[in-house]
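Laboratory data are not the source of any read-out in this text; all were calculated from the coordinates shown. Remember, it's a predicted structure, so these values are computed and weren't measured experimentally. When we count neighbours, we look across all protein chains shown, and the Cβ atoms used for this are built from the backbone with ideal geometry, even at glycine.
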Amino acid sequence: MKNFDYKKSQQFLEEKERQRQRCLDENVFSLKSELNKNRSVLKQIVDFYDNFIKNEFLSRQGKTESALIISDLICNYYTCLETIFLRISQFFENDLSPAKWQQRLLEMMALEIEEIRPQVIRNENYATLRELMEFRDFKWNYFELDYDWDKLEFVQKKFEQAVQMVEADLKKFDEFLESIKNRRKNAFTSRRKSERSID
């Protein structure tokens, strides 16, 4: 019976670990790229909204087309943001149940998952985003062309409040993803230095 080669076994396990780390790094890169792409879309929606309010809204205030434009922009904004939340959830926890998953997803983003990820959104932003989600869900099932302007103005205020907080929250989460990459890179470098000093 051949003697077990511990050194080769160790080398094999180390190589498997390096492959696993490379795969995780690639996944983090991929997640960061997707989030940045969607953040860019969010910015385009906000820029269009700001431009519309500044240059066209006053001349169309109270008109149906204004309500359609504003409500569509708010719905598109939240749907794009929800896509970001879904990708984060799939990457870190991936345990959404089919029942009321959109509501649960938003709740999860306001939670820190210990030793896995920080909050994605601050607690004070949760209630504001919930208003946008509920408006989006209502809009999906509302086909009439008459709008309640009081309700729409309320949702507009919530949207404008959310925009600043969301960008700050997503920037902070992006920094967390960057720190994951840096920790892994530093850990790998330290391990390689240790291996060389033993040799």
Point to revise | Theoretical FRET efficiency, 1/(1+(r/R0)^6), r = Cβ-Cβ of Glu175 and Ser97, R0 22 Å, to 0.05 | key: 0.15
Review point. Relative to the present Cα-Cα distance, how much length would full extension add between Asp47 and Lys139 at 0.36 nm per residue of separation?
Key: 30.9 nm
Practice item. Return the sequence-ordered ³J(HN,Hα) values of region 172-180 in whole Hz as given by the Karplus equation 6.51 cos²θ - 1.76 cosθ + 1.60 applied to θ = phi - 60°, using x for Gly and Pro. Key: 5, 5, 4, 5, 4, 4, 5, 5, 4
Point to revise | Whole-number percent relative contact order across region 91-170, with pairs defined as alpha carbons under 8 Å at least 6 apart | key: 29 percent
Review point. Assuming R0 = 35 Å, what is the FRET efficiency of Asn123 and Asn27, from their Cβ-Cβ distance, to the nearest 0.05?
Key: 0.80
**Study point:** Percent of Cα-Cα distances greater than 12 Å, calculated over region 91-145
**Key:** 70 percent
Exercise for review: State, to one decimal in nm, how far the label point of Asp72 lies from the label point of Glu160, with both points 7 Å from Cα in the Cβ direction.
Suggested key: 2.2 nm
